[in-house]
Amino acid sequence: MRLYWSPVELASRLVKKGVKYNFATGSPDPSLLPINEVRESFERVYEEFGRAIIAYPGAGGLRELRIELSRYVNRVLGISTNWRNVIVTAGAQHAVKLLSQLLMRRRTVVYVENPTFVETVAPMRFQMARLIGVPIDNDGMNTHELENLVKKYGPGIVYTVPNCHNPTGVLLSRDRRKHLIEIAKRYGLTIIEDDPYTSLYPNTEPTLRSVSDDVIYVGTLSKVLGPGLRIGFVIVGGKLRDDLEKLEQHDFAASTLNQYLVYDLLRRGVADDVVKRARELYPRKLKELVDALSDYLPNTLLFKPSCGFYAFISTKVNAWELLRRGVKQGVLFVPGDRFFIDGTRQDTARLSIGSISIDLIREGVKALRDLITTT
């Protein structure tokens with residue numbers, strides 16, 4: 001299987017001194033990252049646990065962390081689960097990779113939103129799964145079209161980002177959520193729910209996992225506590241949980257020290273505090289982006305974002321060529337073609353509000369407008 005670079009990685013490599021308007025990265029807002037609390041947690045776990053913080057964590061992750069994660073998802077996301085059903089991974093990307101190894105083989109049918117997040121489908125492609133794109137609109141995945149596709153291609157796996165979709169920012173509507181669960185039961189589909197952003201917004205729909213224990217839930221603390229900690233998790237029960245726990249011990253990828261740090265940050269309420277502040281900041285940033293696009297690049301939004309970090313737009317011109325020119329002008333974004341299953345639409349781009357200062361968003365969109373109009 002051919003390996004390829006993610007467009008997110010390629011765009012990020014262009015970050016250098018002079019890039020003022022970074023709409024490319026999916027990193028969280030730096031002002032929210034609890035760096036001082038991380039230092040305090042290191043001192044606390046060093047004193048409390050000693051050499052254990054640099055020992056092996058045990059298959060499936062540190063027990064203390066799994067317990068705190070089960071409490072966190074219940075408190076913040078309304079997901080009730082036993083701590084044993086929480087498997088710690090080295091970020092959500094690692095979680096999806098492990099699930100792909102367990103569940104997918106050559107020609108395994110995987111239904112995904114089209115467009116979808118390019119980096120999470122990469123390990124599915126590596127397993128040589130057969131990706132089937134399902135149309136998406138402002139109400140999320142078109143579940144009626146999904147059902148038609150299932151009748152044509154047969155049962156398989158549904159990979160979905162129902163809340164705050166990446167790259168479009170849309171929410172799967174309540175009716176479609178109900179329909180998706182019904183389809184899964186009727187046709188024997190396995191649902192993988194990828195959910196990095198729900199905790200960061202105050203008015204999202206309930207997670208699929210909170211209404212059905214049959215859903216495999218992939219979560220992360222990268223957007224809350226920092227991506228460098230590399231702590232993600234899967235919530236799943238039964239035999240798949242046992243198999244995932246066994247597979248995770250093949251690499252013990254999640255650092256023991258980082259697991260202890262996140263455990264302490266959770267038990268001290270640091271994550272909850274970041275979530276509270278995020279729910280105030282990110283909706284303002286997303287509104288600023290949408291308003292700026294309306295003013296400077298009207299009719300370019302391909303979807304109406306409700307939450308998350310992203311807006312997906314039509315650039316009217318080749319986005320890779322635009323990016324090369326944009327870097328010279330201090331404007332960075334991610335071209336959108338690789339988010340589509342067939343790699344089409346080279347006239348699209350994903351814009352992120354993640355790390356860019358809210359004070360620079362409008363100015364950055366105007367700079368992007370100037371680039372497009374002079375191309």
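The values are calculated or read from the model by the stated rules, or taken from the named source; none is laboratory data. Note that this is a predicted model, so its numbers are computed, not measured. Neighbour counts are summed over all protein chains in view; Cβ atoms, including those assigned to glycine, are modelled from backbone coordinates with ideal geometry. Calculation scope for accessible area: heavy atoms of the full protein, side chains included, ligands and nucleic acids excluded. Shrake-Rupley method; radii C 1.70, N 1.55, O 1.52, S 1.80 Å.
Kindly indicate which of THR143, THR190 is over 23 Å from LEU98 (Cα atoms) and of a type in the set (Val, Ile, Thr).
THR143
Looking at the stretch 142-159, which of its residues are open to solvent by less than 20 Å² (accessible area, probe 1.4 Å), more than 19 Å from GLU119 (Cβ to Cβ) and not β-branched (Val, Ile, Thr)?
Correct list: LEU146, GLY154, GLY156.
Yes/no matrix, rows are residues, columns are (1) at pLDDT below 95; (2) within 14 Å of ILE79 (Cβ to Cβ):
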{"position": "GLU193", "(1), (2)": "no, yes"}
{"position": "THR198", "(1), (2)": "no, yes"}
{"position": "TYR201", "(1), (2)": "no, no"}
{"position": "THR204", "(1), (2)": "yes, yes"}
{"position": "THR207", "(1), (2)": "no, yes"}
{"position": "ASP214", "(1), (2)": "no, yes"}
{"position": "VAL218", "(1), (2)": "no, yes"}
{"position": "SER222", "(1), (2)": "no, no"}
{"position": "GLY226", "(1), (2)": "no, no"}
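Looking at the stretch 19-65 only, could you name the residues that are assigned to a loop (DSSP other than H, G, I, E, B) and over 25 Å from TYR201 (Cβ atoms)?
Matches in the stretch 19-65: VAL19, LYS20, ALA55, TYR56, PRO57, GLY58, ALA59, GLY60, GLY61, LEU62.
Looking at the stretch 77-107 only, could you name the residues that are open to solvent by 30 Å² or more (accessible area, probe 1.4 Å), out of contact with any strand residue (DSSP E or B) (no Cβ under 8 Å at 6 or more places or on another chain) and closer than 20 Å to LEU208 by Cβ?
Once the filter is applied, which keeps residues that are open to solvent by 30 Å² or more (accessible area, probe 1.4 Å), out of contact with any strand residue (DSSP E or B) (no Cβ under 8 Å at 6 or more places or on another chain) and closer than 20 Å to LEU208 by Cβ, the stretch 77-107 yields GLY78, SER80, ASN82, LEU102.
Does any residue in the stretch 317-334 that is touching a residue at least 60 places away in the same chain (Cβ under 8 Å) and at positive phi come within less than 8 Å, Cβ to Cβ, of a residue that is of a type in the set (Lys, Arg) and not in a helix (DSSP H, G or I) six or more places away or on a different chain, and which pairs are these?
If the second residue must be of a type in the set (Lys, Arg) and not in a helix (DSSP H, G or I), the pairs left are GLY330/LYS20.
Do you know which of the residues in the stretch 276-312 that are among the hydroxyl-bearing types (Ser, Thr, Tyr) and without any contact (Cβ under 8 Å) to a residue 60 or more places away in the chain is most open to solvent (accessible area, probe 1.4 Å)?
Here the residue is SER294.
Quick one: is PRO162 open to solvent by 10 Å² or more (accessible area, probe 1.4 Å), of a type outside the set (A, V, I, L, M) and on the phi < 0 side of the Ramachandran plot?
For PRO162, the condition - open to solvent by 10 Å² or more (accessible area, probe 1.4 Å), of a type outside the set (A, V, I, L, M) and on the phi < 0 side of the Ramachandran plot - is not met.
Inside the stretch 25-44, can you point out the residues that are open to solvent by less than 30 Å² (accessible area, probe 1.4 Å) and either more than 24 Å from the chain's Cα centre (by Cα) or modelled with pLDDT under 95 (or both)?
The answer is THR25, GLY26, SER41.
Mind checking which pairs have a first residue in the stretch 172-185 that is within 18 Å of CYS307 (Cα to Cα) and of a type in the set (A, V, I, L, M) and a second that is part of a loop (DSSP other than H, G, I, E, B) and open to solvent by less than 20 Å² (accessible area, probe 1.4 Å), Cβ under 7 Å, 6 or more apart or different chains?
Correct list of pairs: LEU172/PRO162.
Table: residues versus (1) out of contact with any Phe, Trp or Tyr (no Cβ under 8 Å at 6 or more places or on another chain); (2) of a type in the set (Ser, Thr, Tyr).
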site	(1), (2)
ASN142	yes, no
GLY169	no, no
SER173	yes, yes
LYS178	yes, no
ALA184	yes, no
TYR197	no, yes
ASN203	yes, no
SER210	yes, yes
ASP213	yes, no
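Tell me which residues, restricted to the stretch 158-182, are assigned to a loop (DSSP other than H, G, I, E, B) and of a type in the set (S, T, N, Q).
Matches in the stretch 158-182: ASN163, ASN166, THR168, SER173.
Condition first: open to solvent by 50 Å² or more (accessible area, probe 1.4 Å) and of a type in the set (A, V, I, L, M, F, W, C). Now tell me which residues in the stretch 313-329 satisfy that.
Residue satisfying the conditions is TRP320 alone.
Return a yes/no flag: does the stretch 114-127 have any residue that is in contact with a Ser or Thr (Cβ under 9 Å, 6 or more places away or on another chain), aromatic (Phe, Trp, Tyr), over 24 Å from ASP213 (Cβ atoms) and open to solvent by 30 Å² or more (accessible area, probe 1.4 Å).
yes
Mind telling me which of the residues LYS223, LYS246 ends up being of a type in the set (D, E, K, R) and in contact with a Pro (Cβ under 9 Å, 6 or more places away or on another chain)?
The conditions single out LYS223.
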